[in-house]
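> The structure that follows is given in the form of structure tokens.
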Amino acid sequence: MDTIRMQAIWTHTNPGPGRIFRLFYKHGKAGFNRAFDFWSISAQEWNENLTAEIVASERAKGSKFGIYNGFRPGMGAVVSDADAVEFRVMPWIVWKHDIDQYFYWSGNFLERA
């Protein structure tokens with residue numbers, strides 16, 4: 001994590017156009033000492049590890065939040081053999097709870113033999 005934090009500092013303090021880049025990180029910990037501007041966690045992590053207070057505190061600092069594909073049964077599924085209503089659950093949750101992003105994980109995943 002030290003290397004990632006160092007590289008984030010390089011980006012945020014870049015004297016040229018690099019400073020406008022926003023840094024995205026997919027991990028379950030909020031903030032990271034302000035190294036990242038946007039973080040995304042699984043829908044299950046969102047339910048189990050976050051509180052409204054944590055989210056409000058990080059948003060007050062300018063962070064944005066996202067979730068990616070959920071876990072059944074509470075968040076719906078994104079598999080082709082699920083009931084049709086399950087595909088609508090995640091976008092609805094994002095809208096209802098004012099989440100900044102729904103990140104579709106593994107949209108182009110290819111398994112290699």
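> Keeping to the range 45-71, report how many residues are surrounded by 13 or more Cβ atoms within 10 Å (Cβ to Cβ) and among the charged types (D, E, K, R). Steps first, please.
Initial filter on the range 45-71 (surrounded by 13 or more Cβ atoms within 10 Å (Cβ to Cβ)): 45-47, 49-50, 54-55, 57-59, 63-71.
After this cut, where a residue has to be among the charged types (D, E, K, R) as well, the list is 45, 58-59, 64.
Matching residues across the range 45-71 total 4.
> OK, next. Which condition breaks for F24 when tested against (1) surrounded by 12 or more Cβ atoms within 10 Å (Cβ to Cβ); (2) at pLDDT below 75; (3) under 26 Å from Q7 (Cα atoms)?
F24 satisfies all of (1) surrounded by 12 or more Cβ atoms within 10 Å (Cβ to Cβ); (2) at pLDDT below 75; (3) under 26 Å from Q7 (Cα atoms) except (2).
> When you check A77 against the structure, is it modelled with pLDDT of 80 or more, aliphatic (A, V, I, L, M) and surrounded by 15 or more Cβ atoms within 10 Å (Cβ to Cβ), yes or no? Outline the logic, then answer.
Numbers: modelled with pLDDT of 80 or more: no; aliphatic (A, V, I, L, M): yes; surrounded by 15 or more Cβ atoms within 10 Å (Cβ to Cβ): yes.
No.
The values are calculated or read from the model by the stated rules, or taken from the named source; none is laboratory data. Here the structure is a predicted model, which means the values were calculated and not measured. Using ideal geometry, Cβ is built from the backbone for each residue, glycine included, and neighbour counts are taken over all protein chains shown.
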